[in-house]
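**Student:** Dropping a structure here in structure tokens format, bear with me for questions.
The values are calculated or read from the model by the stated rules, or taken from the named source; none is laboratory data. Being a predicted model, the structure only gives us computed values, none of them experimental. Every residue, glycine as well, gets a Cβ built from its backbone with ideal geometry; the counts of neighbours run over all protein chains shown.
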Amino acid sequence: MLKVNLCGVKMRNPTMLAAGVLGITASSLNRVYHYGAGAVVTKSFSLEPNMGYKNPTIVEVPYGLINAMGLSNPGVESFKKELYKIEDKIPVVASIYGSSPREFVKVALDVHDLVDMIELNISCPHAMKGYGATIGQDPQLTFKVVEAVKEACEVPVAVKLTPNVTDIKEIALKAEEAGCDAITLINSLGPAMKIDLKTGKPILSNKFGGLSGPAIKPIAIRCVYEVYDVVDVPLIGVGGITDYKDVVEFLYAGARATQIGSAIFYRGLEVFKKICDDLKAFMKREGFKNINEMVGLAHE
Ligand code: RRO
């Protein structure tokens, strides 16, 4: 009933672990799958190791979290060792980043044999210049990165977009034109900021970070809804999902699968099974036989 086929990747349900959360080691990725996720996405990794920003890197705000981890990761060589240790049956998506089409291609070619899909992170809102959202805010750069990775590897390629643009449809259309197989909407919203009243200073060491959690869900829903109207590739919805109702809303807006990140902070890893059980009960009540019947219903 909950099964989803995403670009040929068979998932037992439409919930995926979002990039950046518990995605550094094979043991935590295996664990998330055993708690019920349909697929897992790694923390974004790059060609070379990156220390990221100093602590504090995360702060809670009403209805959300602001993070500026700083694209921290041990580099592709080290990441590969983890990818080998992920259980075969688990659908794995490698989230990768770089500062040029060539860099993206190098990382993609290093891991494409070990994963089921690649997700291009061109959307981190507080990345260094030349990385993250500075790529995803530019339609031409978006096109070049997607095209280069698609030419180089066989595995399906999703591209994760930033909501911090004037017209997300324009970027999505460019990504599709360049050949992407799926579009993930959205990365965290930002740059966002919180100031400590005692010290009078910004809390995060980087000052600015990306806002995630329930606060951004209405924007994520709008992005999925708008992009669904203009592209044919499947969409993966992410941003503020905490219960099955949020998943239903994303499906109705046009997502074929969903990703969950901040909710693990609020509800623990049990959130995946709880959402799937509740979603199944909802589908029975409403007479849906499969997930596909729900995708895009808000447009009819
Ligand atoms: O590592 C991060 O600080 C980070 C990344 Br790469 C991203 O894509 N989105 C985010 O909120 N944080």
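**Student:** Got a sec? Which of Ser95, Ser99 is crowded, with 18+ Cβ neighbours inside 10 Å, within 12 Å of the ligand (Cβ to nearest atom) and modelled with pLDDT of 95 or more?
**Tutor:** Ser95
**Student:** Follow-up. At least 3 residues that are within 16 Å of the ligand (Cβ to nearest atom) and over 24 Å from Ile236 (Cα atoms) in each: list the strands (runs of 3 or more DSSP E) lying fully within region 1-88 that qualify. Spell out how you get there, then give the answer.
**Tutor:** On the way: elements: 4-6, 9-11, 15-17, 39-41, 58-61, 64-67.
Hits in region 1-88: 58-61.
**Student:** For region 124-164, which residues satisfy the criterion of being assigned to a loop (DSSP other than H, G, I, E, B), away from the ligand (no atom under 16 Å from the Cβ) and out of contact with any Leu (no Cβ under 9 Å at 6 or more places or on another chain)?
**Tutor:** Of everything in region 124-164, those that are assigned to a loop (DSSP other than H, G, I, E, B), away from the ligand (no atom under 16 Å from the Cβ) and out of contact with any Leu (no Cβ under 9 Å at 6 or more places or on another chain) turn out to be Asp138, Glu154, Val155.
**Student:** Looking at (1) within 16 Å of the ligand (Cβ to nearest atom); (2) over 21 Å from Val111 (Cβ atoms); (3) not small (Gly, Ala, Ser), find the lone condition where Glu177 falls short.
**Tutor:** If we test Glu177 against (1) within 16 Å of the ligand (Cβ to nearest atom); (2) over 21 Å from Val111 (Cβ atoms); (3) not small (Gly, Ala, Ser), just (1) comes out false.
**Student:** Show me the strands (runs of 3 or more DSSP E) entirely contained within region 206-300 in which 3 or more residues are touching a helix residue (DSSP H, G or I) at 6+ places or on another chain (Cβ under 8 Å) and in contact (Cβ under 8 Å) with a residue 24 or more places away in the chain.
**Tutor:** In region 206-300, 235-238, 255-260 are the strands (runs of 3 or more DSSP E) which contain 3 or more residues that are touching a helix residue (DSSP H, G or I) at 6+ places or on another chain (Cβ under 8 Å) and in contact (Cβ under 8 Å) with a residue 24 or more places away in the chain.
**Student:** Answer with yes or no whether Val111 is more than 16 Å from the ligand (Cβ to nearest atom), part of a helix (DSSP H, G or I) and in contact (Cβ under 8 Å) with a residue 12 or more places away in the chain.
**Tutor:** yes
**Student:** Note down all Cβ pairs under 7 Å where the first residue falls in region 151-164 and is at pLDDT 95 or above, the second is buried (at least 22 other Cβ atoms within 10 Å of the Cβ) and of a type in the set (Asp, Glu), and they're at least six residues apart or on different chains.
**Tutor:** Hits for this filter: Ala158/Glu119; Lys160/Glu119.
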